[in-house]
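Inspection log for the structure reproduced underneath, given as structure tokens.
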Amino acid sequence: MPFAIFRPHVSIAAAVVVASFAGCVVTEAPISQKQFSDHVATLLAGKDSAVVEAGKLTDFPWKTLCFERDDSLVLRFDQGGKRSVLQLPHETFFVDEGQVEHSLEDRCVTPAEHILLKKKYPGDHGPIEFQKAAHGA
């Protein structure tokens, strides 16, 4: 019986050691949901869609930006050794499921890559989708 009590502590300690060695320190992104929303609205400039360099989504530098669908849209920024996360409600921002053409689900982009910002409902203040920009866009 003592082994059964000890075992969870070993698992937790092992997880902490693995996370420490893997460099998995993740912090909150240096931008709030509101600041990000305002910034995207500025990039759209009143239009229903816009193709922009991914690096223009933020005012802070990063090396890769990964998009994940979860209970919210999760943006994971790799800032050259420092990792940060911004969670956005699906009512505001989303990416389509991975099988949909141009979807960014579970994909990463660099600051120089072009992405499409697109209102789900033209002329509306509804959610904005992130997509890979079509070649030549």
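The values are calculated or read from the model by the stated rules, or taken from the named source; none is laboratory data. Computed from a prediction, not measured in an experiment: that's the story for all the values here. Neighbour counts run over all protein chains shown; Cβ positions are idealised from the backbone, glycine included.
Does residue 85 satisfy the criteria of being among the β-branched types (Val, Ile, Thr) and either in a loop (DSSP other than H, G, I, E, B) or under 10 Å from residue 29 (Cα atoms) (or both)? Full working, then the answer.
Working: among the β-branched types (Val, Ile, Thr): yes; either in a loop (DSSP other than H, G, I, E, B) or under 10 Å from residue 29 (Cα atoms) (or both): yes.
Here the answer is yes, as residue 85 does meet what is asked.
Restricting to the range 86-112, give me the number of residues that are exposed (fewer than 15 other Cβ atoms within 10 Å of the Cβ), over 22 Å from residue 71 (Cβ atoms) and in contact (Cβ under 8 Å) with a residue 40 or more places away in the chain.
2
Looking only at the range 64-81, count every residue that is of a type outside the set (A, V, I, L, M, F, W, C) and surrounded by 14 or more Cβ atoms within 10 Å (Cβ to Cβ) and tell me the total. So that I can check it myself, show each step before the final result.
First, the residues of the range 64-81 that are of a type outside the set (A, V, I, L, M, F, W, C): 64, 68-72, 76, 78-81.
Going one step further and asking which of them are surrounded by 14 or more Cβ atoms within 10 Å (Cβ to Cβ), we end up with 64, 68-69, 72, 76, 78-79.
Summing the residues that are of a type outside the set (A, V, I, L, M, F, W, C) and surrounded by 14 or more Cβ atoms within 10 Å (Cβ to Cβ) in the range 64-81 gives 7.
Return the residues of the range 56-94 that are under 17 Å from residue 126 (Cβ atoms) and either in contact with a Gly (Cβ under 7 Å, 6 or more places away or on another chain) or not aromatic (Phe, Trp, Tyr) (or both); say none if nothing qualifies.
Here is the first cut: in the range 56-94, the ones under 17 Å from residue 126 (Cβ atoms) are 72-73, 88-94.
If the condition is that a residue be under 17 Å from residue 126 (Cβ atoms) and either in contact with a Gly (Cβ under 7 Å, 6 or more places away or on another chain) or not aromatic (Phe, Trp, Tyr) (or both), then 72, 73, 88, 89, 90, 91, 92 are the ones that fit.
If I filter the range 36-49 down to residues being of a type in the set (Gly, Ala, Ser) and closer than 18 Å to residue 73 by Cβ, which single residue comes out as nearest to the chain's Cα centre (by Cα)? Break it down into steps so the answer makes sense when it comes.
Of the residues in the range 36-49, the ones of a type in the set (Gly, Ala, Ser) are 37, 41, 45-46, 49.
This time we only want the ones that are closer than 18 Å to residue 73 by Cβ, so: 37, 41, 49.
On the way: 37: 13, 41: 17, 49: 19 Å.
The qualifying residue nearest to the chain's Cα centre (by Cα) is 37.
Step by step: first the residues of the range 38-55, then only those that are surrounded by 14 or more Cβ atoms within 10 Å (Cβ to Cβ) and either free of Cβ contacts under 8 Å to residues at least 40 places away in the same chain or touching a Phe, Trp or Tyr at 6+ places or on another chain (Cβ under 8 Å) (or both), then the one that is nearest to residue 124 (Cα to Cα). Which residue is that?
Looking at the filtered set, the residue picked out is 40.
Could you identify the single residue in 45, 22 that is under 24 Å from residue 108 (Cβ atoms), modelled with pLDDT under 95 and small (Gly, Ala, Ser)? Let's see the steps before the verdict.
Working: 45 fails: under 24 Å from residue 108 (Cβ atoms).
Sole residue among the options that is under 24 Å from residue 108 (Cβ atoms), modelled with pLDDT under 95 and small (Gly, Ala, Ser): 22.
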